[in-house]
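The values are calculated or read from the model by the stated rules, or taken from the named source; none is laboratory data. Quick caveat, the model's predicted, so the values are computed rather than measured. Positions of Cβ are generated from backbone atoms using ideal geometry, with glycine treated the same way; all protein chains shown enter the neighbour counts.
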Amino acid sequence: MSTSETPPSGPPKGLGPLAKREMRFAYLLLLPTFLIVLSVVLFPLIANVWISFKPVALADLRPPAILVNERLMGKFEVAGDEADIRYRARNSSRKSAITDVVFTDTVPDSLKILTVNDRCVATGQNIRCDLGDYAPGQREDIVVRVAAMQAFIDAPENIKDSDPEFTFVPENILTNGEFTFDNFKRLFNASDFWTVLWASMYYTIAGTVGALVMGLFAAQLMNITFGGRAILRGLFLSPYVAPVIAVALAWVLLLDPGPGGTLNALLIQLGVIDGPISFLGQRAVDITILGFTFTFPVALTVVIIFEIWRYFPLAMLFILARMQSMSTDIYEAAEIDGATPLQQFRFISLPQLMGIMAVLFLLRFIWTFNKFDDIFLLTGGAAGTRTLTVNVYEQAFALSNLGAGAAVAVVVFLVLLCFSVIFFKFSPEDDA
Amino acid sequence: MSRLGNIFYISIVFGALWGAIWTVIVTLLALFVSGLTFQPQVTAGAFAGLAAAGILMWQPHERRSLALRAVAGLAFIILLLVASGAEPMGQPISTYAFGQFVFVILTAIFVVQSIYFVGANLGPGSEKRYNIEVLCLRFIKGFGLVAFTIAVALPFFVMIMMSLKNQQLLLSNPLDFSIDFGQGFSALFRSYIELFTRYHFGTYLMNSALVSVATVAITLFFAVPGAYAVARLRFPGQNFLSRSILLIYMVPMIVLVIPLYAIFSQLGMRNTLWGLLFVYPATTIPVALYMLQGYFRGIPAELEEAGLMDGLTRLNVIIKITLPLALPALASVALYVFMIAWNEFLFAFMFLDNVDLFTLSRGIAELNSSEVPRQHLMAGAVIATVPVLALFLWFERFLVTGLTAGSVKG
């Protein structure tokens with residue numbers, strides 16, 4: 001009440017009640033998105049860094065368990081004979097401990113429990129043992145001495161009919177406190193680390209520039225009017241739209257060096273080559289031009305051509321949209337001034353396209369660097385095509401070392417972060 | 001001034017090039033269709049093309065009538081036959097005679113039309129740099145169209161044709177893509193029928209459809225309110241959000257796959273479709289949100305304000321005013337998300353072990369072994385490609401406007 005007597009001077013500071021309500025509503029609308037992105041993108045990013053410092057193999061993901069083998073040591077001939085029931089328990093994991101192991105089993109009614117292990121209690125026919133903690137790979141025998149009663153001799157029962165039961169708390173390999181630098185040490189000491197990094201950069205740069213140039217060219221073609229243009233445009237977009245596995249495998253069969261490979265058969269038929277070329281299996285070939293010999297990476301180049309083939313439509317689409325939104329006045333003026341078509345392209349079209357080309361370069365560069373499926377399906381990372389992303393899979397799942405894979409993934413992310421910083425520093429404000 | 005100038009001379013060079021290009025292409029086409037070992041007669045084709053261009057371009061452009069083009073075409077055929085020793089496609093004219101006849105005529109038509117369109121309204125005399133550039137650019141563009149079309153179509157062509165053959169034929173003559181229609185429907189589509197009856201492709205198709213549609217629904221359900229908030233409502237961090245939301249899309253999937261694999265394994269969510277339905281929307285929501293907020297900003301705020309004045313709540317404004325206006329954008333986002341989910345390979349490959357849960361991508365990966373014949377693999381590829389391509393081509397206009405107008409404005 002008292003505030004209403006002194007009128008506020010100047011504009012109100014902070015958020016008014018209406019603005020606050022709007023803010024709360026906005027946050028409410030954004031909350032679900034925020035949560036799902038947090039749990040599936042941001043949290044795994046951090047978890048990945050965590051895993052990269054841990055010695056985790058793929059097999060460790062299966063939680064450790066107690067394996068038990070139950071056996072009757074001795075024979076019952078007449079009533080009163082004694083024998084041991086031996087339970088041989090083992091921690092299935094060689095790496096992680098199991099805590100609070102409790103063991104229970106029931107002995108048949110016709111057997112009398114004489115003595116039990118000192119950590120066990122027998123109540124009636126039931127045995128219960130508190131076994132405490134099991135170290136990785138630890139094994140232990142629990143022995144229960146029993147005597148047969150007449151009923152057992154008359155109708156022997158199999159002691160295995162009642163399964164021994166264990167309750168325990170397995171240690172989670174992902175959340176325990178064991179850390180190591182081995183993953184990173186091994187990664188940077190590996191002889192092929194720099195090869196992989198170089199392949200990654202070559203693939204990314206050549207793939208991005210190639211897709212952009214081809215996209216620019218295709219956009220010029222699609223900008224002229226002719227019958228059937230819509231059909232052709234649909235066709236040109238299809239490499240981008242079709243499932244990657246479908247087109248990648250079609251390429252694999254197309255480029256197959258064995259019998260049945262279409263392209264090799266075609267080139268031999270045309271007399272271009274003498275024998276089949278293993279396009280996706282040959283690492284490099286030496287080419288001599290003017291006395292200079294240089295090594296040409298075959299498989300890597302073919303993989304890059306696939307990348308260009310698959311992603312030029314995206315560049316084409318954006319460049320075409322930009323071209324069709326350009327005003328025609330300036331071209332008419334240039335016509336009158338006598339500018340030739342090439343000059344018009346060089347001095348009018350290209351400057352206007354530079355903005356969208358820069359954005360496309362940025363996006364495509366990062367996406368190409370991130371690309372995994374294409375190379376994985378074409379070569380599986382063989383013949384010098386192993387990029388960083390394929391190396392993540394190779395380490396984590398082919399070599400079953402999750403920690404090492406995560407370490408490579410951390411490197412991928414760091415390289416990406418560097419690119420982003422460089423790009424956003426040097427890119428013009430309005431485009432990004 | 002001589003009647004023949006630079007345009008004429010450049011044109012006959014292009015004529016020779018067109019002759020060579022079309023001879024190669026049509027001969028290869030004939031080779032694929034017939035399965036015979038044809039050899040393109042490149043030099044003969046080039047020579048004949050040069051002559052045909054000479055005949056056509058000799059005349060001023062307004063006199064290059066249909067009849068003249070027919071004469072040029074005839075000259076092309078005769079010269080091709082003579083120069084190749086009556087073997088226009090590297091085989092005696094008697095083998096596959098009717099086919100050769102058709103393909104040679106086709107070559108002639110393509111060559112003459114190409115020369116005609118490239119030289120339209122030009123020549124044959126000397127002209128300025130402007131028109132020479134026009135002539136050269138027309139040739140380059142024409143050649144580009146042909147080259148692009150072949151490069152794009154060849155893998156798809158091979159994919160379809162291989163799926164209709166059988167392994168022995170493919171291995172014995174890999175260039176024979178002739179189709180024997182006489183064998184009947186069930187023999188021709190044997191691979192497809194086997195995939196559906198023996199390889200559970202019906203299940204895969206259902207799973208793919210289910211996952212993709214559900215991903216679209218979940219994505220839109222989350223992204224629409226989010227996009228509306230970013231586009232319309234004022235709150236601290238709005239600018240930051242609208243700029244940085246796309247950064248999420250830059251995070252490589254391969255970096256997420258190890259932790260998600262580990263965590264989902266331990267939670268028992270890995271080998272389930274629910275797991276995919278958790279991961280897919282998370283990767284598509286940011287880009288959907290970004291595309292939608294761009295479109296929402298374009299809708300006049302006055303319309304919504306009028307609704308608010310009339311007593312509608314915010315939620316009702318969104319449902320009754322904003323969404324109907326944004327329908328084209330919603331369609332394009334839905335299509336784009338569908339495409340991503342349908343084509344997704346990495347997570348389907350890593351997560352699914354159970355045959356009953358396989359999506360198409362995962363199912364095809366399973367076919368990719370030496371025990372499964374190639375035609376099955378390619379038939380699987382066709383089955384996965386056809387639905388998404390058909391849907392895309394059908395709604396192409398939506399997608400193109402949505403992708404380009406909504407997301408990146410250059």
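Remarks
- Residues that are buried (at least 16 other Cβ atoms within 10 Å of the Cβ) and more than 11 Å from chain B (Cβ to nearest Cβ), drawn from the range A:262-280: A:Ile277, A:Ser278, A:Phe279, A:Leu280
- Helices (runs of 4 or more DSSP H) contained in the range A:276-354 and holding at least 3 residues among the basic types (Lys, Arg) and in contact with a Cys (Cβ under 8 Å, 6 or more places away or on another chain): none
- Looking across the range A:37-71 at every residue that is touching a residue at least 24 places away in the same chain (Cβ under 8 Å) and of a type in the set (D, E, K, R), the one that is surrounded by the fewest Cβ atoms within 10 Å (Cβ to Cβ) is identified as A:Glu70.
Yes/no per residue for (1) under 20 Å from A:Gly261 (Cβ atoms); (2) in contact with a Lys or Arg (Cβ under 9 Å, 6 or more places away or on another chain):
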site: A:Phe279; (1), (2): yes, no
site: A:Leu290; (1), (2): no, no
site: A:Thr293; (1), (2): no, no
site: A:Trp309; (1), (2): yes, no
site: A:Ala315; (1), (2): no, yes
site: A:Phe318; (1), (2): no, no
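- Which numbered condition B:Phe240 fails, given (1) within 9 Å of another protein chain (Cβ to nearest Cβ); (2) more than 20 Å from A:Asp373 (Cα to Cα); (3) in a helix (DSSP H, G or I): (1)
- Which listed residue, of A:Thr262, A:Thr293, is closer than 20 Å to A:Thr379 by Cβ and assigned by TED's automatic domain parsing to the domain that holds A:Thr379: A:Thr262
- If only residues of the range A:367-381 that are farther than 12 Å from A:Val252 by Cβ and of a type in the set (D, E, K, R) are counted, the one that is surrounded by the fewest Cβ atoms within 10 Å (Cβ to Cβ) is A:Asp373.
Conditions (1) under 23 Å from B:Leu135 (Cβ atoms); (2) under 33 Å from the mean Cα position of the chain (by Cα); (3) within 14 Å of another protein chain (Cβ to nearest Cβ); (4) not in a helix (DSSP H, G or I), marked per residue:
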position: B:Leu28; (1), (2), (3), (4): no, yes, yes, no
position: B:Phe38; (1), (2), (3), (4): no, yes, yes, yes
position: B:Thr43; (1), (2), (3), (4): no, yes, yes, no
position: B:Ala46; (1), (2), (3), (4): yes, yes, no, no
position: B:Leu50; (1), (2), (3), (4): yes, no, no, no
position: B:Ala67; (1), (2), (3), (4): no, no, no, no
position: B:Gly73; (1), (2), (3), (4): yes, yes, no, no
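- The lone exception for A:Pro243 - which of (1) touching a residue at least 12 places away in the same chain (Cβ under 8 Å); (2) under 30 Å from A:Leu360 (Cβ atoms); (3) within 22 Å of the chain's Cα centre (by Cα) it fails: (1)
- In the range B:162-172, residue surrounded by the fewest Cβ atoms within 10 Å (Cβ to Cβ) [restricted to those that are of a type in the set (A, V, I, L, M) and facing chain A (nearest Cβ under 9 Å)]: B:Leu171
- Scoring B:Leu393 on the criteria (1) surrounded by fewer than 22 Cβ atoms within 10 Å (Cβ to Cβ); (2) part of a helix (DSSP H, G or I); (3) more than 7 Å from every other protein chain (Cβ to nearest Cβ); (4) not small (Gly, Ala, Ser) leaves a single failure, condition (3).
- Residues located in the range B:173-191, provided they are within 14 Å of another protein chain (Cβ to nearest Cβ) and of a type outside the set (S, T, N, Q): B:Pro174, B:Leu175, B:Asp176, B:Phe177
- When the test is whether a residue is in contact with a helix residue (DSSP H, G or I) (Cβ under 9 Å, 6 or more places away or on another chain), more than 10 Å from chain A (Cβ to nearest Cβ), outside any helix (DSSP H, G or I) and within 26 Å of B:Ala384 (Cβ to Cβ), B:Met291 does not pass it.
- A:Ala396 being buried (at least 24 other Cβ atoms within 10 Å of the Cβ), part of a helix (DSSP H, G or I) and within 10 Å of another protein chain (Cβ to nearest Cβ): yes
- Among the residues of the range B:247-263, those that are surrounded by fewer than 22 Cβ atoms within 10 Å (Cβ to Cβ) and assigned to a helix (DSSP H, G or I) comprise B:Leu247, B:Ile248, B:Tyr249, B:Met250, B:Met253, B:Ile263.
- Any hit, the range A:194-215, residues being without any contact (Cβ under 8 Å) to a residue 40 or more places away in the chain, buried (at least 20 other Cβ atoms within 10 Å of the Cβ) and in a helix (DSSP H, G or I): no
- When each of A:Gly338, A:Gly405, A:Gly384, A:Gly355 is tested for being surrounded by 17 or more Cβ atoms within 10 Å (Cβ to Cβ) and facing chain B (nearest Cβ under 10 Å), the lone residue that passes is A:Gly405.
- The range A:221-237 - residue that is facing another protein chain (nearest Cβ under 7 Å) and either part of a loop (DSSP other than H, G, I, E, B) or without any contact (Cβ under 8 Å) to a residue 12 or more places away in the chain (or both) and, of those, nearest to B:Phe338 (Cα to Cα): A:Gly234
- Residue ID - farthest from the chain's Cα centre (by Cα), chosen from residues in the range A:246-257 that are more than 8 Å from chain B (Cβ to nearest Cβ) and assigned to a helix (DSSP H, G or I): A:Val252
- Failed item in (1) more than 30 Å from A:Pro55 (Cα to Cα); (2) at the interface with chain A (Cβ under 9 Å from one of its Cβ atoms), with B:Met206 passing the rest: (2)
- Condition check for B:Asp176: closer than 23 Å to A:Ala250 by Cβ and free of Cβ contacts under 8 Å to residues at least 12 places away in the same chain: no
- Checked against (1) more than 9 Å from chain B (Cβ to nearest Cβ); (2) under 18 Å from the mean Cα position of the chain (by Cα), A:Ala83 passes all but a single condition, namely (2).
- So B:Val317, is it of a type in the set (Val, Ile, Thr), out of contact with any helix residue (DSSP H, G or I) (no Cβ under 9 Å at 6 or more places or on another chain), part of a helix (DSSP H, G or I) and free of Cβ contacts under 8 Å to residues at least 40 places away in the same chain: no
- Selected residue (criterion: farthest from the other protein chains (Cβ to nearest Cβ)) from residues of the range A:363-381 that are assigned to a helix (DSSP H, G or I) and polar (S, T, N, Q): A:Thr368
- The strands (runs of 3 or more DSSP E) found wholly in the range A:72-129 and carrying at least 3 residues that are surrounded by 14 or more Cβ atoms within 10 Å (Cβ to Cβ) occupy A:82-91, A:98-106, A:111-116.
- Qualifying residue in the range B:150-163 (condition: outside any helix (DSSP H, G or I), out of contact with any Gly (no Cβ under 6 Å at 6 or more places or on another chain) and not β-branched (Val, Ile, Thr)): no
- For B:Arg270, the conditions (1) outside any helix (DSSP H, G or I); (2) surrounded by fewer than 18 Cβ atoms within 10 Å (Cβ to Cβ); (3) of a type outside the set (S, T, N, Q) all hold with the exception of (2).
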